[in-house]
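Worksheet for the structure shown next.
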Amino acid sequence: MTTKLMGQPVQRTEDQRLLRGRGRYADDVAVSPGTLHCAVLRSPHAHARIVDIDVSGVLDVDGVHAVWTYDDLTGPMAEPLPLLIPHPALTEGRTQYALAKDRVNYVGEAIAFVVADDRYLAEDAVGRIEVAYDLLPPVVGIDAARAAEHLVHDDVPGNVAARMEQATGDVEAAMAKAPHTLTLDLTVERSACTPLEGRGTVARWDPDTDRLQVWTSTQTSTGVRAVVAAKLGLDLGQVDVVTPDVGGGFGVKINHPWPEELLVPLAARALGRTVKFTEDRREHFISSAHERGQVQHVEVGFDDDGRLLALDVRFWHDHGAYIPYGLIVPIITSTQLLGPYKPEVYRVVFESLYTNTVMVTPYRGAGRPQGCYAMERTMDAIAGFLGKDRTEVRAANFIQPDEFPYDQGLIFQDGRELEYDSGDYPAMLEKIKALVGWDDFPAYQQEMAAQGRRVGIGLACYVEGTGVGPYEGAHVHIETSGKVKVATGLTTQGQGHQTAFAQLVADTLGCRFEDVEVVTGDTRRMPYAVGTFASRAAVMSGSAIHLAALRAREKVLRIAADALEAAEDDLEINDGVVSVKGNPLDGGAVIDLGTVAVLSNPLRYAFDEKSRVATQFTVGDPGKPPVAEDDEPGLEGKDFYSPERSTFASGMHAVIVETDPDTAEISILKYAVVHDCGRLINPMIVEGQIHGGVAQGVGGALYERMAYDESGQLLNASFMDFLMPYVTEVPDGIDIDHLETPSPLNPLGIKGAGEAGVIPSAAVFASAISDAEGFALTAMPISPSDLFTLRQEHS
Ligand code: MCN
């Protein structure tokens, strides 16, 4: 493979369209006139029995077509929604019904679904539904869940959905022998990813073909398709799911299906009409999903050099009212908490708890930000205790470059050992120190202190298992025009897949970058696929696309060799033209990919040169087929990639902050990132991903929290109150440096990058603010008023 484009900062081709407002999102799908619209009646209470629902006033309203409550659901639709990714430790998994059966467990839970001519009518009709509730005491927050004075689900004792423990040795014995021990009690509050485009679904039922077409804003088209088919009693082949442009997913759109994603198709089929639902912002806050939300207790034993001899971590994970997505978040926290370090013995125990709040599913970083926070606060605490530089303690615990593959002795969600494939953490530490100016900082800090200014520097290190399986596939089709159409089943939310994948195809196939068109998230084009999450697209689809393009290339060379009367090995493909190696393109024997595509079809069309209309066709010479005997007509390649295990990306972030001595305002003076995602396909895209992640991380560390009151009402369910950082709050420039330790697990040596920017945020800001203030932060996020209060406590 030539690598003309791999590693190049090629401009994102999709941005012309997206930045000019020409993206087409679920709400833009214009399917047919007379489309019906929906509204959902949602619970105003966090915990209540439903005594009665009276919908009698609804159907009288002109323009209202139907209303569904639980009692109207039949067959699989009347069963709870599926529990995705079950785990043996999840002994008490509970999922919600598409419409609440006889009880509501969080404010926002769907109770009734109304379909009307327009959204206004549907909302008005929802207002006419009368529900009688018998209120129950709500369980809000981890402390209330642990106290278990009240139960979210009557049949789940102690509100404990799952308890899981892993240990790599006898932690008590190791702790007893350690020269020093420390304990830390830490908190990370609940937050949410809040994509600018909320959830939206459109469905059309075609009675002539008995087929359902769904357009939905999802990260997993095939997952939606599977559950819609199962719930509606349809064959998979009767359901097509197309994912249009997605205005951000960040994890919340992997949770499939949402009740609305089932109810819209149900209504479309029942009414024989096209039906559309687009949620509003408040609905997104109160009825999609949140994340983070952990309370952690760490006990650590270490020696005089800060070497970790025993690490004993317990944490409690707030899962909200239901567990639709298994234990993936706390399992990731527990297994990737160790980051680049190798403690001699590690034990981790967690409990996943039910609360009467919105459920918790993966949000960018998915459990890693919490793990990184616990580990990095511990590293800082050890350094503080020993009076050592924080980088020195970290360096004393790194897995060394010659120790890969490195087995942490832990078992991941899929039952396999957690083995890191490659990395170079000492080199990365040197790079980040240089990038942020670590060694010069103490002098600068003193200088600023002399002027009455408080500045602090922080560092945080992490690893990230990326490119999780089981598989992803790709189909590469070379058309007679020479254009190359590539289909892969995962979806795209703005990660630049069109560009990066086109780079891979151009390099592997030898075609022109501009000739490649990538289609994602359409089950008609690629029915077998998994989806976009866990920073897996580059590794999974990137590898599948490479393999599929190789297959297409082999066929190109077979046909071209025949046409050029040359040996396949003597040929090369450059800019979409096949030629004999070393021969000049002008004058030498050449054939372009479009002509090879024509030759690949024994049924030949002749084109009128001027109009390009097919005028006649002839059957190719039967005695001399243009393709090998066992070849099928057409010029295409298809392949799937399935990895042995995840590949481990890594990174280190450093930040310099200033805290105002009077107002406690926190300002970011410098932010630096060194990142290793193996071989880079497109460094500019990776840097964009890191910028986006850092911005999201700044929100999580300094501004965003889900403010529930004691009755389970979310007090900040709007962008007026939920403080997402604007461009004014995000660092002006983020200094980024790359390290490339190729993964030995996939053909291109790639590791994922999509979540990297957000993972260490809470940890790195806690480290820097603690350094500025001279006391250790234990709870994140931190606002100026929190900092102000802490100062008073520590004064
Ligand atoms: N890339 C690269 N070289 C590498 C690794 C990645 O050039 N060695 C490029 C890829 O080609 C891709 C991008 O970087 O264009 C991210 O790749 P990858 O790490 O595989 O992540 P995914 O494409 O699977 O995206 C998922 C990831 C996740 S899990 C969340 S959450 C997230 C994120 O991406 N959500 C996003 N980034 C997002 N960006 C946008 N704009 N919107 C979201 O919803």
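Tell me, yes or no, whether segment 724-744 has at least one residue that is out of contact with any strand residue (DSSP E or B) (no Cβ under 9 Å at 6 or more places or on another chain) and buried (at least 20 other Cβ atoms within 10 Å of the Cβ). Checked against the condition, which is being out of contact with any strand residue (DSSP E or B) (no Cβ under 9 Å at 6 or more places or on another chain) and buried (at least 20 other Cβ atoms within 10 Å of the Cβ), segment 724-744 yields no hits at all. Going residue by residue through segment 187-209, is there one that turns out to be within 26 Å of Val329 (Cα to Cα), open to solvent by 40 Å² or more (accessible area, probe 1.4 Å) and within 16 Å of the ligand (Cβ to nearest atom)? Scanning segment 187-209 turns up at least one residue that is within 26 Å of Val329 (Cα to Cα), open to solvent by 40 Å² or more (accessible area, probe 1.4 Å) and within 16 Å of the ligand (Cβ to nearest atom).
Would you say Gln689 is assigned to a helix (DSSP H, G or I), polar (S, T, N, Q) and more than 27 Å from Gly384 (Cβ to Cβ)? So Gln689 fits the description; yes. Remark: pairs (first residue in segment 481-507, in contact (Cβ under 8 Å) with a residue 60 or more places away in the chain and under 18 Å from Ser217 (Cβ atoms); second residue part of a loop (DSSP other than H, G, I, E, B) and away from the ligand (no atom under 14 Å from the Cβ); Cβ separation under 8 Å; 6+ apart in sequence or on different chains) = Gly489/Thr523; Gly489/Arg525; Gly489/Met526; Gly489/Pro527; Gly489/Tyr528. Looking across segment 45-78, not a single residue is acidic (Asp, Glu) and over 29 Å from Asp118 (Cα atoms).
Residue check: Gln219 meets all listed conditions (1) within 16 Å of the ligand (Cβ to nearest atom); (2) touching a helix residue (DSSP H, G or I) at 6+ places or on another chain (Cβ under 6 Å); (3) in a helix (DSSP H, G or I); (4) not hydrophobic (A, V, I, L, M, F, W, C) but one, namely (3). When Ala147 is tested against (1) free of Cβ contacts under 8 Å to residues at least 12 places away in the same chain; (2) open to solvent by less than 10 Å² (accessible area, probe 1.4 Å); (3) among the aliphatic types (A, V, I, L, M), only condition (2) is not met. Answer yes or no: is there a residue in segment 372-391 that is part of a loop (DSSP other than H, G, I, E, B) and within 26 Å of the chain's Cα centre (by Cα). For segment 372-391, residues part of a loop (DSSP other than H, G, I, E, B) and within 26 Å of the chain's Cα centre (by Cα): absent.
In the set (1) open to solvent by 30 Å² or more (accessible area, probe 1.4 Å); (2) over 21 Å from Phe315 (Cβ atoms), the condition left unmet by Ile129 is number (1). Of the residues Val694, Val674, the single one that is under 22 Å from the mean Cα position of the chain (by Cα), in a helix (DSSP H, G or I), buried (at least 19 other Cβ atoms within 10 Å of the Cβ) and within 16 Å of the ligand (Cβ to nearest atom) is Val694. Tell me, please, whether a residue that is in a loop (DSSP other than H, G, I, E, B), away from the ligand (no atom under 16 Å from the Cβ), open to solvent by less than 10 Å² (accessible area, probe 1.4 Å) and modelled with pLDDT of 95 or more can be found in segment 643-666. Yes, some residue in segment 643-666 is in a loop (DSSP other than H, G, I, E, B), away from the ligand (no atom under 16 Å from the Cβ), open to solvent by less than 10 Å² (accessible area, probe 1.4 Å) and modelled with pLDDT of 95 or more.
Output the residue which, of all residues in segment 529-538 that are in a loop (DSSP other than H, G, I, E, B) and within 8 Å of the ligand (Cβ to nearest atom), is most open to solvent (accessible area, probe 1.4 Å). Once the filter is applied, the top-ranked residue is Phe533. Could you go through segment 751-772 and let me know if any residue there is over 26 Å from Val686 (Cβ atoms) and open to solvent by 20 Å² or more (accessible area, probe 1.4 Å). Checking segment 751-772: at least one residue is over 26 Å from Val686 (Cβ atoms) and open to solvent by 20 Å² or more (accessible area, probe 1.4 Å). The residue of segment 223-263 that is surrounded by the fewest Cβ atoms within 10 Å (Cβ to Cβ), among those that are within 15 Å of the ligand (Cβ to nearest atom) and polar (S, T, N, Q), is Asn255. Among the numbered conditions (1) at pLDDT 95 or above; (2) out of contact with any helix residue (DSSP H, G or I) (no Cβ under 9 Å at 6 or more places or on another chain); (3) not acidic (Asp, Glu), the only one that Arg12 does not meet is (2). Restricted to segment 114-204, the set of strands (runs of 3 or more DSSP E) holding at least 3 residues that are in contact with a Leu (Cβ under 7 Å, 6 or more places away or on another chain) comprises 160-167. The single residue among Leu83, Leu41, Leu59, Leu18 that is in a helix (DSSP H, G or I) and either touching a strand residue (DSSP E or B) at 6+ places or on another chain (Cβ under 7 Å) or surrounded by fewer than 21 Cβ atoms within 10 Å (Cβ to Cβ) (or both) turns out to be Leu18. For the subset of segment 63-78 comprising residues that are in contact (Cβ under 8 Å) with a residue 24 or more places away in the chain and part of a loop (DSSP other than H, G, I, E, B), which member is surrounded by the fewest Cβ atoms within 10 Å (Cβ to Cβ)? Across segment 63-78, the extreme among qualifying residues is Gly63. Note on segment 362-410: residues that are basic (Lys, Arg) and over 24 Å from Ala167 (Cα atoms) amount to 3. Among all residue pairs at least 6 apart or on different chains, which show Cβ distances below 9 Å where the first residue, located in segment 539-565, is under 23 Å from Thr647 (Cβ atoms) and open to solvent by less than 30 Å² (accessible area, probe 1.4 Å) and the second is part of a helix (DSSP H, G or I) and aromatic (Phe, Trp, Tyr)? As it stands, the answer is Ser541/Phe501; Gly542/Phe501; Ile545/Phe501, since those pairs meet every condition given.
The values are calculated or read from the model by the stated rules, or taken from the named source; none is laboratory data. Fair warning: this is a prediction, and the values are worked out from it, not measured in the lab. Because the Cβ atoms are built from the backbone with ideal geometry, glycine has one as well, and the counts that use them run over all protein chains shown. When the accessible area is computed, the model is the full protein with side chains, heavy atoms only, and any ligands, DNA or RNA have been set aside. Shrake-Rupley method; radii C 1.70, N 1.55, O 1.52, S 1.80 Å.
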